[in-house]
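Scroll down for the structure; my scribbles are underneath it.
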Amino acid sequence: MRKLVVMLLLAVAVFALSACSSVPAKKDTPLATFNTLVVRPINWSETVTDKIDGDEAKEYAEAQPKLSGLFKAEFEKYIGKIGYFDQILFTTETAPKGALVLEPKIVTLDPGIRWVMAGTATYQGILTDADGKVVAKYSAKRIVSRPVYSSMIGAIETLTTELGEDAATGIPEAK
């Protein structure tokens, strides 16, 4: 009985320690000296969208402000959970001295084909200091299924929203 209790306590301790190790401590990253994060808007002209053309390209262009809002809302939801920054600013203005600047880029965006091919998107985050010197980079890739009832914009909205989460939660892994 005693051996069972010891094994159970050991298992609980290992589980608790592994749960705590999922986000690296800020002091162990290149971001240790930064308390303010400035997030720039997505530059959609840098996104490769080979499979979006014709009427879909027009619809995609019109949807970009909404897509930016979805990305930002999801980013805001998750950035506080990592606990790295005292202040988060979403602006195009000059970053304050000592701030970390995130240049989010959706590198590729493919909405997929209904029933045939899943939609995919690749994200790259570039973190610079206020003077423009690159501090770290990180990336993520998302894949979403494309059911028959899903529109092209619906798939892109899902991808963009999920990349907002990746942009926030990936910061601790930046190197």
How many residues are within 17 Å of residue 141 (Cα to Cα) and among the aliphatic types (A, V, I, L, M) when one looks only at the stretch 71-119? 5
The stretch 141-160: number of residues that are within 18 Å of residue 48 (Cα to Cα) and surrounded by 19 or more Cβ atoms within 10 Å (Cβ to Cβ): 9
Breaking point among (1) assigned to a loop (DSSP other than H, G, I, E, B); (2) among the hydrophobic types (A, V, I, L, M, F, W, C); (3) under 26 Å from residue 31 (Cβ atoms), for residue 73: (1)
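Yes/no per residue for (1) among the charged types (D, E, K, R); (2) at pLDDT 95 or above; (3) assigned to a strand (DSSP E or B):
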site	(1), (2), (3)
81	yes, no, no
94	no, no, no
98	no, no, no
105	yes, yes, yes
115	no, no, no
124	no, yes, yes
148	no, no, no
Given the structure, is residue 136 touching a Gly at 6+ places or on another chain (Cβ under 8 Å), surrounded by fewer than 19 Cβ atoms within 10 Å (Cβ to Cβ) and modelled with pLDDT under 95? no
Do you know which residues across the stretch 56-97 are without any contact (Cβ under 8 Å) to a residue 60 or more places away in the chain and of a type in the set (A, V, I, L, M, F, W, C)? 57, 61, 85, 88, 89, 90, 95
Is there a residue being part of a strand (DSSP E or B), of a type in the set (D, E, K, R) and in contact (Cβ under 8 Å) with a residue 12 or more places away in the chain anywhere in the stretch 151-167? no
In this structure, is residue 174 under 18 Å from residue 33 (Cβ atoms) and surrounded by fewer than 19 Cβ atoms within 10 Å (Cβ to Cβ)? yes
Pairs please, first residue from the stretch 113-136 and aromatic (Phe, Trp, Tyr), second anywhere and in a loop (DSSP other than H, G, I, E, B), Cβ atoms under 9 Å, 6+ apart in sequence or on different chains. 115/146; 115/147; 115/148; 123/170
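The values are calculated or read from the model by the stated rules, or taken from the named source; none is laboratory data. Bear in mind that the values here come from a model prediction, so they are computed numbers and not experimental data. Glycine also receives a Cβ, built like all others from the backbone with ideal geometry; neighbour counts cover every protein chain displayed.
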